[in-house]
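The values are calculated or read from the model by the stated rules, or taken from the named source; none is laboratory data. Owing to the predicted nature of the structure, the values given are computational and were not obtained by experimental measurement. When we count neighbours, we look across all protein chains shown, and the Cβ atoms used for this are built from the backbone with ideal geometry, even at glycine.
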């Protein structure tokens, strides 16, 4: 029986990946480097900010100190916050789905984004009330596909709500192959939402849907079958 629902954030709840991409692009341009849209979605989707800069710079034959990485993360964060003024769209069906599961499950966010950025967007969209807690990039050492973020969610669920809850009683909503793999490695059920990738790319998920609107009516039965 499913007891908890955990959401990835970027690309699942809000359409923020294009803003992250542009903020990364603007930041790496200060180093004389270019980041294409195709490369971002193919190689770096689901990376937290630190992991993105480490991997991207390595891919481009550059090495940076941890201090330089921290500076780039800060610069990217400033760019992202500035771009938020342009608006971020909530994906179709998200609010209705959150309303439908309210009070029926423990609900949390497990994301590679910074907690501060997540909270900023949640407040701006009046979504904070739906989530019991957030585990973000600043709470973990290893990015997805490591299961760390979801294992930390499980720890928090046991501490805050139910000490007997098992990984298999948690369902994760993800939009990237690395995210799906992280959830499965944590021993959790996973539903892929094909906002950022094709259904085929999310093939390791227990189920794939195009949007929350597709599953809002049958999610109780779907959860029983996961």
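Checking each residue in region 196-222 for being touching a residue at least 60 places away in the same chain (Cβ under 8 Å) and surrounded by fewer than 20 Cβ atoms within 10 Å (Cβ to Cβ) picks out 211, 213, 214, 216. Return yes or no: is residue 157 touching a residue at least 60 places away in the same chain (Cβ under 8 Å) and surrounded by 14 or more Cβ atoms within 10 Å (Cβ to Cβ)? Yes. In region 32-60, which residue that is in a loop (DSSP other than H, G, I, E, B) and at pLDDT 95 or above is farthest from residue 182 (Cα to Cα)? By that ranking, first place goes to 32. In summary, residue 213 fulfils each of the numbered conditions (1) farther than 15 Å from residue 101 by Cα; (2) not in a loop (DSSP other than H, G, I, E, B) with the single exception of condition (1).
The condition of being free of Cβ contacts under 8 Å to residues at least 60 places away in the same chain, exposed (fewer than 14 other Cβ atoms within 10 Å of the Cβ) and farther than 30 Å from residue 190 by Cβ holds for only one of 29, 68, 86, that being 29.
Among the numbered conditions (1) in a loop (DSSP other than H, G, I, E, B); (2) under 22 Å from residue 53 (Cβ atoms), the only one that residue 79 does not meet is (1).
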